[in-house]
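Notes for the one structure printed next.
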Amino acid sequence: MLRGSRVIVIGGIKRSGSTWQYNLVRLILEATGRSVGLNRGIRYLGKYEGDYDDLIVKTHFHSDRAEAAADVVFTSYRPLDQVRASLERFGRKPPSSEEIEKLVHHFRLWDRIADYRMEYADLLSDPLKVTMETMEVLHAGSLDPVQVLAEVNSLKPPSDEHQDPLTLYFSNHVTSE
């Protein structure tokens, strides 16, 4: 199954830039010549097969099995009032207090072991800094961070109603205030 693969978890709170962060990590790894497997959730971790240098798992939920498998953990955080407002703008019903508590609980479980925590405000104000810090965690200092950032920012949501299987963007996906 995962013999020889490095497992990289993106464990961000919803609407915190975690999909942008996932794409940043993916593109950095690909630019360094590493083969990358993509896994859309922790429930598939035990069923994953492939011969890759790195497996990226993007999730909003924690599991002990995924934590045990994780070699590198990235998290992303956004203040909860902004998460709530963004979910509403994204077309979702406002999350209940219980749903918010669940999101925070899962985020904290990942964040306590994170190798890097990205603040949403930093993504908006200084994405180059976030790119360079992510490159440092991934030992990819030989890459041009300006070029990597330009590639990440060139990614666009799909024009139809589906989720892009590579970028994980939905057609109404937006990274903004």
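If we scan the range 7-23, do we find a residue that is out of contact with any strand residue (DSSP E or B) (no Cβ under 9 Å at 6 or more places or on another chain), modelled with pLDDT of 90 or more and not acidic (Asp, Glu)? Within the range 7-23 (the criterion being out of contact with any strand residue (DSSP E or B) (no Cβ under 9 Å at 6 or more places or on another chain), modelled with pLDDT of 90 or more and not acidic (Asp, Glu)), the answer is yes, since at least one residue qualifies.
Identify, by number, the condition in (1) surrounded by 13 or more Cβ atoms within 10 Å (Cβ to Cβ); (2) within 17 Å of the chain's Cα centre (by Cα) that Pro158 doesn't meet. That leaves (2) as the condition not met. Within the range 5-39, the residues that satisfy the criterion of being buried (at least 22 other Cβ atoms within 10 Å of the Cβ) and of a type in the set (Gly, Ala, Ser) are Gly11, Gly12, Ser16, Gly17, Ser18.
The listed residues are Ser159, Ser125, and the only one of them that is farther than 22 Å from Asn39 by Cβ, of a type outside the set (A, V, I, L, M) and at pLDDT below 95 turns out to be Ser159.
Scanning the range 116-151 for residues that are crowded, with 16+ Cβ neighbours inside 10 Å and not in a helix (DSSP H, G or I) yields Tyr116, Arg117, Met118, Glu119, Leu138, Ala140, Leu143.
Would you confirm whether or not the range 140-160 contains a residue that is among the acidic types (Asp, Glu) and in contact with a Leu (Cβ under 6 Å, 6 or more places away or on another chain)? Working first, answer last.
Filtering the range 140-160 for residues among the acidic types (Asp, Glu) gives 144, 151, 160.
Retained after the next criterion (residues that are in contact with a Leu (Cβ under 6 Å, 6 or more places away or on another chain)): 151.
The answer is yes, given that some residue of the range 140-160 is among the acidic types (Asp, Glu) and in contact with a Leu (Cβ under 6 Å, 6 or more places away or on another chain).
The values are calculated or read from the model by the stated rules, or taken from the named source; none is laboratory data. Note that the structure is a prediction, hence the values are computed from the model and not measured. Quick reminder, even Gly has a Cβ in these numbers, built from the backbone with ideal geometry, and neighbours come from all protein chains shown.
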